[in-house]
Amino acid sequence: MSAGSRDGERMLAELERMKERAGMSFAQLQAAVPYSRSALHRYFTGQAPIPRDALVWVVRACGGDLAALLRLWDAAQSDPVLGMRPVAAA
């Protein structure tokens with residue numbers, strides 16, 4: 001497992017812990033952010049990379065540590081498992 005993969009897994013685990021601590025379901029979280037419940041579920045499960053703006057909305061809605069999650073998000077950008085690599089210009 002690569003360092004990037006560990007960072008991505010840590011970020012996803014922290015997002016889930018934060019959501020649980022806030023006592024929010026995906027439906028409740030969806031009501032607090034401008035993202036659909038299905039998109040949020042894909043982000044939380046690693047099926048789709050979470051955009052930075054979405055991360056900020058989610059962390060603020062859950063009352064989490066924005067600086068810590070942004071550090072994990074930055075580190076996870078090279079995560080081949082989560083597909084968070086920057087897209088190369090065509």
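Any read-out appearing in this document is the output of simple, stated calculations on the displayed coordinates, not a laboratory observation. Being a predicted model, the structure only gives us computed values, none of them experimental. In this analysis, Cβ positions are derived from the backbone assuming ideal geometry, glycine residues included, and neighbour counts consider all displayed protein chains.
Side notes on the structure shown:
- Test: residue in the range 19-42 that is closer than 13 Å to residue 76 by Cβ, surrounded by fewer than 19 Cβ atoms within 10 Å (Cβ to Cβ) and out of contact with any Phe, Trp or Tyr (no Cβ under 9 Å at 6 or more places or on another chain): no
- Scanning the range 1-31 for residues that are without any contact (Cβ under 8 Å) to a residue 60 or more places away in the chain and of a type outside the set (A, V, I, L, M, F, W, C) returns 6, 14, 16, 17, 19, 20, 21, 23, 25, 28, 30.
- Taking the listed residues 49, 34, the one that is closer than 24 Å to residue 6 by Cα, free of Cβ contacts under 8 Å to residues at least 60 places away in the same chain and in a loop (DSSP other than H, G, I, E, B) is 49, with no other qualifying.
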